[in-house]
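J.: My questions will all concern the structure given below.
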Amino acid sequence: MTGIELSQKLRQGDRVYGTLVTSTSPRMIPLLAGMPVDFVFIDTEHIPIDRHDLAYMCYAFDASGLAPIVRIPTPDPYVAGQVVDNGAVAVVAPYVETVEQVRTLVGAVKKRPLKGRKLAQEIEGSVPFEPELSAYVQKHNAGLSVIVNIESVPAIEVLDEILAVEGLDAILIGPHDLSCSLGLPEQYEDPRFEAAMVDLFQRARSAGVGAGVHSWMDPKRESIWCAAGANLMIHSSDIWATRDGLTHEINALRRLMGDEKIVKKNNAATV
C-alpha cells in the first residue's frame, strides 16, 4: 500500500490492517511483506529507535509495499517533519488535546518545506500561500497523512473541533491511556469504556475522518469496533506475537511431556 492509497482509504472508510513493529532486524522486512497486512506501525514514543534505523525501516518497508506509519515521541511539528524526511508516509502524534496542536502538525507534514511566520500565517488564514506555492506544496506532500492519538477526556471534550481541522486524516485511540484518563485503568470490559470507544469511532467516521485503534485484544472484540466504524486496525506487535506464540507452543510441549507449568503473562496466570 502506498501513502496515497493509505490516505484515500482512511478518509473513505475502507479498512486497513497492520501491526506494531519494534524490531530493527532486516529479516522483518520480507517476513511482514508476505503477511496479510497493509502497513506497519513504528512507535518511537515508547520504543528506542534512532533516526538512522527509523529511516532504514521506513524506506525498506515502503519499498516492500507496506506503508510505514510512525508515531513520534511528542506532538512536536518539527519532529513530525523529521520523520517524514526519514521516509514515513503517515505521522501519529501522541496525546493530542487541542485544535492548535492538530493545525501545527498538519502544517508541518502537509505544507512542507514552509516554516516560521509564513507557515503560521497560512495556518491561521491571515495570509494564504500564493497560487503557485499552494500548488507546489500540495504536489510535494501528496500521499502524506496526519493521525492524532485521542487518549484522554480533554481530547474527547474538543473532539468535534479537532475533527474539523482540514488536513487531518485519522484519529487513533490509545486504549490504555484512555482507560486511565476515564478513571477506569485497564478496565477494558467496563461498559463506560466501551461506550467511549464506540462514540469516538462513530464521531470520526461521521466527520469523514479515519478512526483507528491499537489493540492487543481478541479479533472478535476488534470486529465489534470495526462494525462501529474503526477502519485503521493496528493489531498486536512482533513482541506480543512472539510472547503469545511461544507461550502457547512451549506449554503445549510441556503438557505432552507431563511437565505442565504455570507461567505469568501480563499479571494473569496462563497454563
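J.: Show the residue pairs that are 6+ apart or on different chains and have beta-carbon atoms under 8 Å apart, the first residue being within the stretch 95-111 and basic (Lys, Arg), the second being assigned to a loop (DSSP other than H, G, I, E, B).
T.: 103/165; 110/141; 110/144; 110/167; 111/129; 111/141
J.: Here are some conditions: (1) assigned to a helix (DSSP H, G or I); (2) free of Cβ contacts under 8 Å to residues at least 24 places away in the same chain; (3) over 19 Å from the mean Cα position of the chain (by Cα). Residue 127 meets all but one. Which one does it not meet?
T.: (1)
J.: Now a separate question. Just for the stretch 1-54: of the residues that are assigned to a strand (DSSP E or B) and hydroxyl-bearing (Ser, Thr, Tyr), which one is farthest from residue 87 (Cα to Cα)?
T.: Step by step, filter the stretch 1-54, then rank; the result is 17.
J.: Here is a further query. From the list 116, 125, 87, pick out the single residue that is out of contact with any Gly (no Cβ under 7 Å at 6 or more places or on another chain), crowded, with 18+ Cβ neighbours inside 10 Å and at positive phi. Reasoning before the result, please.
T.: Details: 116 fails: crowded, with 18+ Cβ neighbours inside 10 Å; 125 fails: crowded, with 18+ Cβ neighbours inside 10 Å.
Answer to the check: 87.
J.: Same structure again: Count, please, the residues in the stretch 20-31 that happen to be in contact (Cβ under 8 Å) with a residue 12 or more places away in the chain and surrounded by fewer than 21 Cβ atoms within 10 Å (Cβ to Cβ). I'd like the intermediate steps shown before the answer.
T.: Of all residues in the stretch 20-31, those in contact (Cβ under 8 Å) with a residue 12 or more places away in the chain come to 20-24, 26, 28-30.
Now drop any that are not surrounded by fewer than 21 Cβ atoms within 10 Å (Cβ to Cβ), which leaves 22-24, 26, 28-30.
The qualifying residues number 7.
J.: I would also like to ask the following. Considering only residues that are over 14 Å from residue 97 (Cβ atoms) and in contact (Cβ under 8 Å) with a residue 12 or more places away in the chain, look in the stretch 177-198 and name the one that is nearest to the chain's Cα centre (by Cα).
T.: So, considering only residues that are over 14 Å from residue 97 (Cβ atoms) and in contact (Cβ under 8 Å) with a residue 12 or more places away in the chain, the one nearest to the chain's Cα centre (by Cα) is 197.
J.: Check whether at least one residue in the stretch 175-184 is under 24 Å from residue 16 (Cα atoms) and in contact with an Asp or Glu (Cβ under 6 Å, 6 or more places away or on another chain), and report yes or no.
T.: Our first condition is that a residue be under 24 Å from residue 16 (Cα atoms); within the stretch 175-184, this holds for 175-178.
Add one more test, that the residue is in contact with an Asp or Glu (Cβ under 6 Å, 6 or more places away or on another chain), and what stays is 177-178.
Yes, because at least one residue in the stretch 175-184 is under 24 Å from residue 16 (Cα atoms) and in contact with an Asp or Glu (Cβ under 6 Å, 6 or more places away or on another chain).
Throughout, read-outs are computed from the coordinates displayed, never taken from laboratory work. Bear in mind the structure is a predicted one, so any value in this text is a computation, not a measurement. FYI the Cβ positions are ideal-geometry reconstructions off the backbone, even for glycines, and counts take in every protein chain you see.
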